[in-house]
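Scroll down for the structure; my scribbles are underneath it.
The values are calculated or read from the model by the stated rules, or taken from the named source; none is laboratory data. Keep in mind that what you see is a predicted model, and the values were worked out from it rather than measured. Every residue, glycine as well, gets a Cβ built from its backbone with ideal geometry; the counts of neighbours run over all protein chains shown. Note: accessible area is taken over every heavy atom of the protein model, side chains too, but ligands, DNA and RNA are not part of it. Shrake-Rupley method; radii C 1.70, N 1.55, O 1.52, S 1.80 Å.
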Amino acid sequence: MYRAARRLFTGRDVLILRFTGSNGVVLALTVGCMLAISASVAAPTTPSAFDTRGAQGGSGPADSGSSYISVRAAASSTSWQRAALRRLQLAAAKLHRRVNSVLEKPNDADFLRVIQAQFDRAELILAIRNARAVGLETIARRFQRVLELETKRLNESIAFSDLLREGAAHGERAAQKAHEDNPNLTPAVLGNIAVNAANWHGNKALLNTTLRAAKQKGPQVYEIALKKGEDLDRRAYSLFRALSVGSRKTNIRYGGREGLHRLPDANGGFNGGLIGLRRAAETSGKKSPAIDVNVNGKLIKIHVRHEP
Amino acid sequence: MSATNPDAGGSRELASADRSGAARAFKAVFRGFEPYGRPFKASVPARLLAYEAEPWKAKPWGLNDGALVALLQAADDHDLERVFVSVDDPEDSSFDEGHYLLSPLNLENYTHPGPTDAWPILPHAIYPPSGQWGVISSDESHVLVGGSEKFIDDLSAGLGKTQDEMIAAWLEDWSEHQDRDPDGELRIGDWIPAQLAHVVGPERAEVTLGASRLRRWDLPT
């Protein structure tokens, strides 16, 4: 059913679903949505020991088993190939660190960190595709193996698997219900319903987690305070993208540069509400970004500000 | 005073048939969609700035319950039967989005929007087909209202706070926001003096601004 759903998606989502394997539909669309933005929102990556080993062309084992990739293979490569290899190394190192952080505290692993890991997975997937595009097929295959290992480690996180499993189960129930109501629905449509409903589950979990974490200022206005020096717009954008997983951009041109996004609903449609992001420069007031949400008539504004 | 309409339909997107009526009504009271500027036409005789300083009572983008009740009491019943809600100037925007009809305007319809209605999470203008009054909200919790002297007096009485009290609270909150930008680099609240002069007149605005902690308050010449 889920494979059939690919026919309904854009090319971007089709690409992602191919990578999902047994991780379930939530993972599939999550990564799908993250792919297009991963490059622009990824935090600057500091080269780690993991990268250094690769860059030095050493032969010792790396932290994640077979993740070590020799740079010698690209010794006579073009600048495009060297750039592609560097991108692979950085993306793999970043994913490795992120998975470590999720596994360190599996019981506390909130949905946001899992989503961040998905960003990093998406970044590595893109880097692998890029490497293939410049002719580094052998290296790409080895990093594909790194990706599989890191994904396996991520799946071992209890919170991660539970969230995905719950989301996928919810999506499946929604699709079953839709099928009972209308047996003529095609597998493609049912797959679409399952994915949307699963993403609704993810949005709901993340929104609840976010609001619990936010400092409550009132019944509808919440504030997320960041340490001084942190980039407010970047964090707000990252949060907006995570909250709007599976959403569809509406044709409404309001609510900032991102426009308003229509959120999936529990039944697999797109009536789950609206979400918008206004970056600092797009506000007329206090010059700090804000996320505006209408979830089934419940209105929420989340300010992202620096700590006083 | 309450409005009832046997054909009450809650909130719905504006149909194209309503387009000219909405644009005409909007232009009768507003110069433009300017929640942080000077939204009312010169012909609008009285204006009011409503502000709720208590964060748990404030509505992030629109009228809070108390202000809406005061508005419902101040307005003519006829003007509440059908009320337009727009997130932009109806003449300037493509008309298939961002414009709604609340029928009637009441607490239920305003506070229980549809799941995908855009106006509840955006600054919006509220105005009746007669164009007798207009409300424009912001996403910083202040609301501007324009209309006849009697309408504004009645509304002000219903709010339970004087205009001076609300403006003082508003300026104090913005002074605090400016405190975190002492060099004025972010230009926080630079629009406030012009807007205040638009609402209460330049002389009264100057006195009020002078008494506030606002760091920068050059009035427009």
Inset, instruction - Out of B:A50, B:A58, B:A74, report the one residue that is among the hydrophobic types (A, V, I, L, M, F, W, C), away from chain A (no Cβ under 14 Å) and in contact with a Gly (Cβ under 8 Å, 6 or more places away or on another chain). - result: B:A74
Legend entry - Complete set of residues in segment B:128-137 that are part of a loop (DSSP other than H, G, I, E, B) and either in contact with a Leu (Cβ under 8 Å, 6 or more places away or on another chain) or within 18 Å of B:W191 (Cβ to Cβ) (or both): B:P128
Legend entry - Index of the failed condition, B:G146 passing every other in (1) open to solvent by less than 40 Å² (accessible area, probe 1.4 Å); (2) not assigned by TED's automatic domain parsing to the domain that holds B:S16: (2)
Legend entry - Residue match in segment B:138-149 (condition: aliphatic (A, V, I, L, M), more than 14 Å from chain A (Cβ to nearest Cβ) and not in a loop (DSSP other than H, G, I, E, B)): yes
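What residue, among those in segment A:204-239 that are under 30 Å from B:Y100 (Cα atoms), more than 13 Å from chain B (Cβ to nearest Cβ) and open to solvent by less than 20 Å² (accessible area, probe 1.4 Å), is modelled with the highest pLDDT?
A:A236
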Legend entry - Checking B:G37 against (1) surrounded by fewer than 18 Cβ atoms within 10 Å (Cβ to Cβ); (2) over 11 Å from B:I136 (Cα atoms), the condition it does not meet: (2)
Inset, instruction - Determine, yes or no, whether A:G272 is in contact (Cβ under 8 Å) with a residue 12 or more places away in the chain, over 27 Å from A:K228 (Cβ atoms), within 10 Å of chain B (Cβ to nearest Cβ) and surrounded by 20 or more Cβ atoms within 10 Å (Cβ to Cβ). - result: yes
Inset, instruction - Could you run through segment A:282-301 and say how many residues are within 10 Å of chain B (Cβ to nearest Cβ) and over 19 Å from B:S86 (Cα atoms)? - result: 11
Inset, instruction - For residues that are touching a Phe, Trp or Tyr at 6+ places or on another chain (Cβ under 7 Å) and either surrounded by fewer than 17 Cβ atoms within 10 Å (Cβ to Cβ) or closer than 22 Å to A:R173 by Cα (or both), tally how many sit in segment A:247-262. - result: 2
